[in-house]
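Comments concern the structure below.
The values are calculated or read from the model by the stated rules, or taken from the named source; none is laboratory data. On a predicted model such as this, the values are computed, not experimentally measured, just so you know. Don't worry about glycine lacking a Cβ; one is built from the backbone with ideal geometry, like all the others, and counts go over all protein chains shown.
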Amino acid sequence: MAGPGIRYWNFAKVLSQYFEVVLFTPNHCELEADFVIKNINKSQLIEELNNSTCIIVQGMTLWNHSYIRNYNASIIVDLYDPFIFENIEIFNDDIQAHRASLSILMDQLYFGDYFICASEKQKDFWLGMLAAINRINPIEYKLDKTFNHLIGVVPFGMESIKPNKNRLVLKGIVPGIEKNDKVIIWGGGIWDWLDPLTAIRGMDILSKRRVDIKLFFMGINPPNSNLIIMENVKKTLDLSDSLGLTNNIVFFNKWTEYNDRHNYLLESDIGLNLHYNHIETRFSYRTRMLDYIWCGLPIITTKGDVLSEFVHSNNLGRVISPEDPYEFATAVEEVFSQNDIFIKGGSELVNRMSWENSILPLIDYCEHPRKSIGKSRTYKLNNLLKGRTHHLAIKAISYIKGGRSNELMRKLYARLLNKS
């Protein structure tokens, strides 16, 4: 289960303790739950909209199902993933793809009644965006001078129940990883905005003096078969192969089931998160680090985002500079030699960051939902995508979002967009 799926699964688990909840999924869900789960389609969604007071949307949902805005349900827009920055990393100089991303985002900002994001830093960014289109206006100001009625901080949370290992998965199990080895785990996928290459180069440095330290990637193939594998995956595999590290020092797992992830984490010794120094990092919320804290792992992370600041201020591990394999190698050895000095989760920290506490602003809004009267004053931007271009953009983004397709496919979509 990828980040958005984890987020909304846990939203539904907690919200169902207070409200009747229906979770719509794009694929068949085999997990058991105390709430209703349906595959998303228009007829079922309309049926639920007629009986709902609130609907939570994220990503392309509002664009794919634009009729949502015509119902009385208050629209809660989840902005925890500023995808316009991710898509710049994926599409690079593709102006039409950027216009498509911006069009999807502006639809959300126009029609949302309430917004949630993952951090105070994100909140400042989104307040600026909302102010630019006049969602921050005198009508809303009269309701609440803090504008907390319009946007709330709902971080990615973690499970409040302490994880327990129920099977061995790594040490002495994976060929090449011995029982007494030290394992660094890369939780989650290898997305183009992350930096696995520094980790590979750092492991090459370490392998010259330590053969007992191994790097394990928990999942390189997303479970959604419609998504194309990201370019960064190929680069990472090629680099590891060229250095002779694959299945010797560095190991790649296809994907890890959501309910099995704790077994891999509990058997590991360091949780790893590396990224580049760019705009996506600044406003990101690296959700994989929450699992590291949950499972009591010391963390090595690149600086530049809110969670790296959290790691530093709470002494949860080491924060290093971007793209420096030598500093990475040094940090690994320091963590192993000074392991006892790091705070590893702890009940107070886990409780504070639990899903139950993280989504309190969302619970409060759902108990007192309201349609925004101030959005009638919204300024609309020109030169955004409409009509046939609108639908082509959706198809292009949804197809390529999971990874960079070949150049011919990208040019084809750009050409279709230019003709519209």
- Query: Lys142 versus (1) among the basic types (Lys, Arg); (2) under 25 Å from Asp364 (Cα atoms); (3) touching a residue at least 12 places away in the same chain (Cβ under 8 Å); (4) not in a loop (DSSP other than H, G, I, E, B): which is the lone unmet condition?
  - Reply: (3)
- Message: Can you confirm whether Leu274 is within 30 Å of Glu159 (Cα to Cα), surrounded by fewer than 21 Cβ atoms within 10 Å (Cβ to Cβ) and at pLDDT 95 or above?
- Response: no
- Check Ile46 against each of (1) under 24 Å from Glu356 (Cα atoms); (2) of a type in the set (A, V, I, L, M); (3) surrounded by fewer than 16 Cβ atoms within 10 Å (Cβ to Cβ) and name the one condition it does not meet. (1)
- Applying the selection to segment 131-148, what residues are closer than 9 Å to Arg377 by Cα and of a type in the set (S, T, N, Q)? Asn134, Asn137
- Message: Against the conditions (1) in contact (Cβ under 8 Å) with a residue 40 or more places away in the chain; (2) within 26 Å of Asp305 (Cβ to Cβ); (3) part of a loop (DSSP other than H, G, I, E, B), where does Gly219 fall short? Just the number, please.
- Response: (1)
- On the given criteria, is Phe310 of a type in the set (Phe, Trp, Tyr), surrounded by 16 or more Cβ atoms within 10 Å (Cβ to Cβ), out of contact with any Phe, Trp or Tyr (no Cβ under 9 Å at 6 or more places or on another chain) and modelled with pLDDT of 90 or more? yes
- Give the residue that is nearest to Ser268 (Cα to Cα), with candidates limited to residues of segment 168-192 that are in contact with a strand residue (DSSP E or B) (Cβ under 8 Å, 6 or more places away or on another chain) and of a type in the set (Gly, Ala, Ser). Gly187
- Item | Some residue of segment 271-278 being among the hydroxyl-bearing types (Ser, Thr, Tyr) and closer than 21 Å to Glu86 by Cβ | yes
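One line per residue, one yes/no per condition, for (1) surrounded by fewer than 21 Cβ atoms within 10 Å (Cβ to Cβ); (2) among the hydrophobic types (A, V, I, L, M, F, W, C); (3) touching a residue at least 60 places away in the same chain (Cβ under 8 Å); (4) within 16 Å of Ala199 (Cβ to Cβ):
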position: Leu290; (1), (2), (3), (4): no, yes, yes, no
position: Asp305; (1), (2), (3), (4): no, no, no, no
position: Pro322; (1), (2), (3), (4): yes, no, yes, yes
position: Asp340; (1), (2), (3), (4): yes, no, no, no
- Query: In this structure, is Asn259 surrounded by fewer than 20 Cβ atoms within 10 Å (Cβ to Cβ), more than 25 Å from Met158 (Cβ to Cβ), in the same structural domain as Asn273 (by TED's automatic domain parsing) and polar (S, T, N, Q)?
  - Reply: no
- For Phe336, which of the numbered conditions (1) touching a strand residue (DSSP E or B) at 6+ places or on another chain (Cβ under 9 Å); (2) at positive phi; (3) surrounded by fewer than 22 Cβ atoms within 10 Å (Cβ to Cβ) fails to hold? (2)
- Search result, residues across segment 107-125 that are in contact with a Phe, Trp or Tyr (Cβ under 6 Å, 6 or more places away or on another chain) and part of a helix (DSSP H, G or I): Asp107, Gln122, Phe125
- Message: I'm checking my understanding of the structure. Among residues of segment 145-163 that are in contact (Cβ under 8 Å) with a residue 24 or more places away in the chain and over 15 Å from Tyr114 (Cα atoms), which one is surrounded by the most Cβ atoms within 10 Å (Cβ to Cβ)?
- Response: Met158
- The condition of being modelled with pLDDT of 95 or more, of a type in the set (Val, Ile, Thr) and surrounded by fewer than 19 Cβ atoms within 10 Å (Cβ to Cβ) holds, among Ile200, Ile173, only for Ile173
